[in-house]
Amino acid sequence: MPPRTPSVSGLAFTEGQLQAFLDTSHDLFALFSCDGVILSVSPGFSRTLGYAPEELLGTCLFDLLDPEEQDPARLSFRSLAAKQGAVASDHCHLRTKDGSWRVFESSLRNLIQDPAVEAIVACFHDITARYRMEAERQVISDVIHALNETSNLDQLLVRIHQALKKILYAENCFIALHDPETSMFHFPFLVDRFDTAPPPQKVGRSCTAYVFRTGRASLIPQREFDRLAAAGEVELVGSPSPSWLGVPLKTPTATIGVLVVQHYESENAYDGRDLQFLDSVGGHIALAIERRRADDTLSKSESLFRLLFSHNPLPTWLYDRDTLCFLQVNQAAVELYGYSEQEFLCLTVSVLETLDGTAAAMAGAPNSADVPSVRKHRRKDGKTIDIEVRSDDLEFGGRPAVLVVARNISEQRLLEEQLRQAQKMEAVGRLAGGVAHDFNNMLMVIKGHTEMLLSSPGAVGNVTHKIEQIDRAADRAASLTRQLLAFSRMQVLQPRVINLNEVVEEMGKLLPRLIGEDIELVVRTASDLGQIRADASQMEQIIMNLAVNARDAMPQGGRLVIETSNAELDHTYNARHPVIQAGRYALLAVTDTGTGMDAETQTHIFEPFFTTKEQGKGTGLGLATVYGVVKQSGGFIWVYSEPGKGTSFKIYLPRVNQGAEREAQPRIPAEIPRGTETVLLAEDEQDVREVAREFLESAGYNVLEVSDGHEALRVAQEHQGPIDLLVTDMVMPGMTGQELAERLQQLRKDMRVIFMSGYTEQAAGHPYANGHSSRLLTKPFNRAVLLRAARELLVTASEKERPV
């Protein structure tokens with residue numbers, strides 16, 4: 001068995017399991033020396049930052065950090081490296097390969113003196129999207145605050161600039177305002193590394209003039225500037241910059257100017273999201289400027305506040321601090337909650353109150369705008385939604401009021417729940433696979449010895465009967481482990497290109513006897529159904545298991561519909577179901593009119609040994625098997641059910657552009673063959689090794705027995721005669737069976753190989769059953785299976801050596 005490392009749960013992970021965890025994690029893991037040199041990185045660095053591992057190894061962590069973070073990081077790192085076991089956590093910005101920046105939560109621990117690690121271990125969790133989303137909401141809130149607290153236009157623009165720098169690079173930023181009477185630009189605000197504020201100038205054909213003229217926000221990197229210049233749309237004005245971003249400042253009636261940010265070094269400084277965000281902020285800035293231009297400050301402040309308020313894409317409302325009455329609501333709030341603006345203004349915020357009273361609590365004690373809180377709100381139609389709110393006190397019309405900015409996170413919560421469910425199933429699957437592996441080794445010993453006892457001359461009478469009972473019980477246990485392996489996606493499938501319609505139609509002939517006469521069976525198949533690559537027998541098992549479940553859910557009779565169709569899943573579907581990849585699928589739907597399931601039951605139905613049936617009526621492995629086979633076949637399964645309204649299982653299997661393949665008919669020898677060749681047997685489990693040796697020796701083979709790969713190499717080098725066949729376990733300590741076979745076949749090129757497996761991911765993903773020089777046997781197997789496989793390989797070898 002491979003070495004295991006302890007986990008926080010008290011279980012243990014194999015090196016393969018730990019590597020699989022690192023391969024699938026979205027977090028970034030790394031090992032550093034005491035001076036910050038990168039020793040090792042996880043695949044997450046490639047997926048998230050774009051660097052290949054070899055590009056990072058030997059480089060320094062601090063070179064990836066934002067320059068402003070490098071010196072504090074060195075001090076923190078030095079302090080961490082000075083104390084064994086010390087931990088540190090912080091936020092940092094890491095540069096991607098394309099030059100952009102991402103935000104991470106970092107957690108580091110000093111394990112330099114730990115002989116198993118000898119490094120500083122670090123984990124980086126990507127919070128860029130969350131950081132950006134929170135910063136965008138904060139900028140909108142800052143703009144609103146600046147608008148209400150600052151009466152001077154210059155001060156307002158300075159505060160807006162400070163807010164923008166929280167989101168994007170704005171060290172080079174200016175605002176050009178248009179005077180319609182003179183058709184001139186003037187520049188009330190400009191900060192720049194090279195240029196100073198110019199005097200008023202004609203609109204001309206600068207990039208700023210282009211945005212003003214078209215009324216569209218524009219991202220103009222160098223290549224786009226060259227294209228526009230060639231078309232006569234723009235010309236160079238001021239210092240050239242490889243990345244330039246400008247948005248029109250629009251009020252509801254006119255475009256009054258342009259807001260510009262630019263970067264003089266990186267062509268990738270800005271992206272489409274920056275463009276969209278700055279464009280939305282531009283509307284706020286335009287309204288703020290118009291407000292400051294107005295003479296009637298009080299009346300204009302109320303009017304423009306409503307305009308600014310209504311342009312916010314997030315649901316926003318203002319209510320009286322004392323009476324809790326709504327004072328203003330924007331269109332986004334109207335659309336989300338279903339009340340008209342007039343209805344809102346006749347209500348108090350308690351109308352949003354759910355049964356737990358969180359809305360009323362929110363109304364009585366607004367949280368800080370810097371600390372969002374999650375609430376449950378009720379819409380006009382009664383539907384409950386999850387809302388993230390930010391609220392802050394302000395004065396409106398001379399009275400204390402509360403401004404609330406909300407975001408509907410119901411869909412986000414749903415996606416998070418789907419992800420948690422997928423991760424839970426993955427973890428349970430690995431546990432089930434590990435249990436099945438160990439259990440199969442024990443079953444191999446039990447069945448091997450029962451077979452040898454039954455074939456011995458002294459096995460008679462009542463003793464034989466008891467041995468047969470042991471053998472039948474072991475067969476039933478082996479059936480359970482096969483189902484566990486199916487759930488954990490570790491069983492060895494025999495996939496081929498098939499037409500799913502043929503499987504469904506054939507099962508349609510068998511199912512009526514299984515489900516009974518009181519259940520109407522309807523089979524509908526799409527004539528143009530695409531081909532899939534799957535194990536046909538396992539597809540039959542899926543339909544059988546789902547039909548049995550449907551029958552049990554309809555004790556008084558009902559209707560069972562099995563149908564197939566083609567499905568095209570686009571990125572919109574993927575956004576709602578992130579575990580499903582967009583693409584072309586064949587859909588198998590099994591629908592019944594039975595008792596249905598509640599939401600809590602649906603979260604557990606694919607877990608091994610979970611069952612709603614009474615004790616003794618089911619193992620709880622039927623749907624777990626279905627889940628495992630579907631996932632191992634590259635597909636996805638969803639269940640739709642409500643109590644009293646039946647259940648529908650929808651299985652999506654990837655389509656392939658190949659013709660259907662016919663199943664090969666295996667040849668079954670009439671009797672168990674014998675041989676005299678030399679066999680090298682490598683198995684770390686002593687009891688399993690003893691059974692396999694007895695099987696081989698009983699058929700006349702000369703067996704060289706070893707317990708691991710290194711001992712096998714030594715014996716092979718010392719043995720003077722031929723070694724015709726290697727029989728090896730797939731997983732052994734220090735060296736896998738595959739590695740052993742590859743090294744031995746370099747020494748003995750004509751040697752054949754039989755792999756034995758309780759389960760491995762390699763075995764599940766690479767079936768060897770049809771190779772001319774190797775076979776894969778899954779434990780537990782009987783004596784006949786081993787000896788026939790050995791004879792077939794050795795006969796093939798002798799035929800290959802026979803002169804023509």
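The values are calculated or read from the model by the stated rules, or taken from the named source; none is laboratory data. For clarity, every value in this text was computed on a predicted model and none was experimentally measured. A quick note on method: Cβ atoms are made from the backbone with ideal geometry, for glycine too, and the neighbour counts reach across all protein chains shown. We work out accessible area using only protein heavy atoms, side chains counted, and drop any ligands, DNA or RNA first. Shrake-Rupley method; radii C 1.70, N 1.55, O 1.52, S 1.80 Å.
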* Determine the principal axes of the Cα atoms in the stretch 143-270, then give the extent along each, sorted from largest to smallest and rounded to whole angstroms. => 46, 35, 27
* Inter-label distance, nm, simple model (7 Å from Cα along the C-beta direction), N566/E690 -> 6.0
* FRET efficiency for L153 and L57, using Cβ-Cβ distance with R0 set to 45 Å, rounded to 0.05 -> 0.25
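Given the Cα-Cα distance of E134 and E642 and 0.36 nm per residue of separation, how much length would full extension add, in nm? Before the final figure, lay out the partial values.
Working: separation 508, 0.36 × 508 = 182.88 nm, distance 3.67 nm.
Extra length available between E134 and E642 comes to 179.2 nm.
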* Over the residues of the stretch 123-169, compute the C-alpha Rg and express it relative to 2.2 N^0.38 Å. => 1.38
* To do: Sort the following peptides by mean Cβ neighbour count (other Cβ atoms within 10 Å, averaged over residues), highest first: 395-401, 89-95.
  => 89-95, 395-401
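Please compare each pair in K631/K779; K166/K380; K97/K166 to a cut-off of 26 Å on the Cα-Cα distance and tell me which ones are over it.
Working: K631/K779 22 Å; K166/K380 36 Å; K97/K166 22 Å.
Flagged as over cut-off: K166/K380.
Please report, in whole Å³, the volume per residue of the convex hull around the C-alpha atoms of the stretch 691-752. Please list the in-between numbers first.
Working: hull volume 5.1 nm³, N = 62.
Value for the stretch 691-752: 83 Å³ per residue.
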* **Descending semi-axes in Å of the stretch 243-285, equivalent ellipsoid built from Cα gyration tensor** => 22, 10, 6
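If I take all pairs of Cα atoms in the stretch 217-259, what percentage of them are more than 14 Å from each other?
Working: 503 of 903 pairs.
Within the stretch 217-259, distances greater than 14 Å cover 56 percent of Cα pairs.
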* Estimate the FRET efficiency between S183 and E395 by the formula 1/(1 + (r/R0)^6), using the beta-carbon distance for r and 56 Å for R0, to the nearest 0.05. => 0.90
* Structure fact -> With no solvent term and unit scatterers on the alpha-carbon positions of the stretch 18-117, Debye gives log₁₀ I(q)/I(0) at q = 0.13, 0.14, 0.19 Å⁻¹ of -0.45, -0.53, -1.01
* Of all accessible surface on the stretch 133-216 at a 1.4 Å probe, what whole percent is carbon and sulfur? -> 51
* **Spin-label zone in the stretch 78-97 - amide nitrogen under 18 Å from a point set 7 Å from the Cα of S40 along the C-beta vector** => 85
* Structure fact -> To the nearest 0.05, the calculated FRET efficiency linking H93 and V522 through their beta-carbon distance, R0 being 56 Å, is 0.45
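Using the heavy atoms of the protein chains and a 1.4 angstrom probe, tell me the accessible area per residue for the stretch 159-213 in square angstrom.
Result: 50 Å² per residue.
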* Ratio of the Cα radius of gyration of the stretch 165-234 to 2.2 N^0.38 Å, where N counts its residues -> 1.19
